[in-house]
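In what follows, a single structure is set out as structure tokens and then discussed.
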Amino acid sequence: MDDQTRITWDKKTEEQFLEILKEIPDLVRGIAETRVSKKAESIVRQDKRLVITQKDMVSAFFAETPPGFVGAMKNSMQELGIDYAKFGFK
């Protein structure tokens, strides 16, 4: 698989991603969207897959969110019914 292969989002995961982004302050939302998207894509490429799943999104958020914002991120996930603990995060 080369870098031109199109990575897509699982529909429900993409909706959740956009909902979480809404909770991020305007000032840093664009940066967060870019960093988390790129991280999720790299996880998928590493596994030689084409679709970003909820697990990939959660892993990307945990990898890219600064420590001071992790609590808010977890709250956003919980409000959306995302069980990040099942993916190994506390």
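A short reminder: the numbers here are calculations on the coordinates, not readings from a lab. Computed from a predicted model, the values in this text were never measured in an experiment. Counting neighbours? That spans all protein chains shown, and the Cβs are built from the backbone with ideal geometry, glycine included.
An ellipsoid equivalent to the stretch 12-51, defined through the eigenvalues of its Cα gyration tensor, has semi-axes of 22, 12, 4 Å when rounded to whole angstrom and sorted largest first. Applying the Karplus relation 6.51 cos²θ - 1.76 cosθ + 1.60 with θ = phi - 60° to the stretch 50-57 yields 3J(HN,Hα) values of 10, 10, 7, 9, 4, 4, 5, 4 Hz, where x marks Gly and Pro.
Considering only C-alpha atoms, what is the centroid distance from the stretch 14-66 to the stretch 67-90, in Å? Spelled out, the Cα-based centre of one part sits 13 Å from the other. By the Stokes-Einstein formula, at 0.890 mPa s and 25 °C, the chain with its Kirkwood radius over alpha-carbon pairs has D equal to 185 µm²/s. Computed from phi, the 3J(HN,Hα) profile of the stretch 68-84 under the Karplus parametrisation 6.51, -1.76, 1.60 (θ = phi - 60°) reads x, 10, 4, x, 5, 4, 4, 4, 4, 5, 4, 4, 8, x, 8, 8, 5 Hz, with x in place of Gly and Pro. Using the Cβ-Cβ distance between residue 50 and residue 26 with R0 set to 30 Å, the FRET efficiency works out to roughly 0.45. Judged by the mean number of other Cβ atoms found within 10 Å, the most tightly packed of the peptides 24-30, 70-76, 47-53 leads the ranking 70-76, 47-53, 24-30.
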